[in-house]
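Here is the structure we will look at, set down as structure tokens.
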Amino acid sequence: MDRALYGPGGFFRTHRPAGQFRTSVTASPLFAVALARLVAYADGVLGHPDRFDLVDVGAGQGLLLDRVMTVLGWPDRVRATAVEKADRPDGLDERIAWVTEPPAGTVGVLLATEWLDNVPLDIAEVAEDGRIRYALTDGSLGDEIDAADRAWLAEWWPVSEPGERAEIGRTRDEAWSAAVATVRRGIALAVDYGHTRADRRPTLTGFRAGREVEPRFDGTTDITAHVAVDSIGPARLRVLPGKQREALRDLGVDGARPPLSLAHEDPKAYVRALSRASQAAELTGPGLGDHWWVLAPVAIEWGDDDLRRAGRAEHHRPARPGLRPGQAAP
């Protein structure tokens, strides 16, 4: 999986993901507006530091960072950093740094939207003799799983019957913990498709040209698997606000249709509001709205109501100029 996605000729090195599947980032600028509100609120919680870091792990073509920074007004004290293994895309704003690993010492916000589902993992299958072995890409079974993977399965995804399969999420846990560890003060936010103990099931699949397909390991296909969101940690840093539909509504993204009276009073404003409502409905509806939001505060106080506070207009005005969330899509 690692070779197929990130190796020479791998999918993310040779394809533009936006042309293969739809994400919250590409679906609507409203997603960036909501995250800009979260970033502006976190800036206030941090006391408006002289330098505020905004890091996007798995940045793709840098679209999310570009949009969030546009909403914020490109303040000089915000250092925007895209983390991506693929080469820097042509035309990306030069104010966005491009690196292959998350920088250490972040004071601000680290974002990981639809990144963890592409962190390579192994598949385990119970063989006829009852031993748990690694499943290989040709359909056969390989070696018996090692002790670390056996321990992860025992805790998070127990399997025992011949033919049962599990996706070993240990690599995702480690990747998320490593990303969170780069944050000195602030918050880390992962947004992804996921499951918990209540609905564990194999999810490995592929995407190509906008369609869900069988995963191919030749670099032509995006290969993805849902994230075991209850296992990523460490637990002392973990807060699970819930699904994207609730999180975005807290941040002011509402799919409700505008009142018909507006169509008579201001037809152009009604059309704009209707378009925003349609985009918001996609972000909060079945599919994208089912994404989990996993928020990890680091060395700051962050309560259950802070996401809602971030979405309130009165909290959008920082005491210090140079970081504002904006109220309209860029």
Highest mean packing first, using Cβ neighbours within 10 angstrom, the peptides 87-99, 109-121, 292-304, 49-61 sort as 109-121, 49-61, 292-304, 87-99
Compute the projected area of the convex hull of the Cα atoms of the chain, averaged over all viewing directions, and report it in nm² to one decimal place.
18.0
Cα-centred dipole magnitude for segment 122-165, charges only on beta-carbon of K, R (+1) and D, E (-1), debye, nearest 20:
80
List the DSSP H helices in the chain whose Cα atoms stretch 15 Å or more along the helix axis and whose mean Kyte-Doolittle hydropathy is at least 1.0.
30-45
So Arg51 and Ala299, fully extended at 0.36 nm per residue minus their Cα-Cα distance, gain in nm 87.6 nm
Around Arg51, with a cut-off of 12 angstrom between Cβ atoms, what is the net charge of the other residues, counting Lys and Arg +1 and Asp and Glu -1?
0
Given a 10 angstrom Cα cut-off, can you work out which residue in Ala40, Ala175, Ala209 is the most mobile in a GNM of the chain?
Ala209
Amide H partners (placed H, <5 Å) of Arg208, local residues excluded
Val213
With Gly10 itself left out, Lys, Arg at +1 and Asp, Glu at -1 over residues whose Cβ is under 9 Å from its Cβ give +2
Could you pull the Cα extents of segment 1-76 along its three principal axes, largest to smallest, in whole Å?
44, 24, 19
Given a Förster radius of 30 Å and the C-beta distance between Ala198 and Ala104 as r, what FRET efficiency does 1/(1 + (r/R0)^6) yield to the nearest 0.05?
0.25
For the chain, with only Lys/Arg (+1) and Asp/Glu (-1) charged at the beta-carbon, what is the dipole magnitude about the Cα centre, in debye rounded to 20?
1360
Computed helical MRE - 222 nm, the chain, DSSP H runs ≥ 4 contributing -39500 (n - 2.57), nearest 500:
-8500 deg cm²/dmol
Could you pull out every residue, at least 5 positions away or on a different chain, whose amide H is within less than 5 Å of the one on Arg79? Hs are placed 1.01 Å off N in the peptide plane, and Pro or chain starts have none.
Phe52, Asp53, Leu54
Highest first, please rank the peptides 280-289, 29-38 by the mean number of other Cβ atoms sitting within 10 Å of their residues.
29-38, 280-289
When the charge dipole of the chain is computed with +1 at the Cβ of Lys and Arg and -1 at the Cβ of Asp and Glu, the Cα pointing farthest to the positive end, of Phe11, Ala148, Pro75, is that of Pro75
Have a look at the DSSP beta bridges in the chain and tell me what percent are antiparallel, nearest 5.
50
Relative to the compact-globule estimate 2.2 N^0.38 Å (N residues), the Cα gyration radius of segment 122-165 stands at a ratio of 1.03
In the neighborhood of Phe217, defined by Cβ-to-Cβ distances under 14 Å, what is the net charge if each Lys or Arg adds +1 and each Asp or Glu adds -1?
-3
Extended-chain gain in nm, criterion 0.36 nm per residue less alpha-carbon gap, Glu214 and Glu161
16.6 nm
Compute the FRET efficiency between Leu136 and Asp290 as 1/(1 + (r/R0)^6), taking r as their Cβ-Cβ distance and R0 = 35 Å, and round to the nearest 0.05.
0.70
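Laboratory data are not the source of any read-out in this text; all were calculated from the coordinates shown. Keep in mind that this is a model prediction, so the values were computed, not measured. For neighbour counting, all protein chains shown are included, and Cβ atoms are generated from backbone atoms with ideal geometry for every residue, glycine included.
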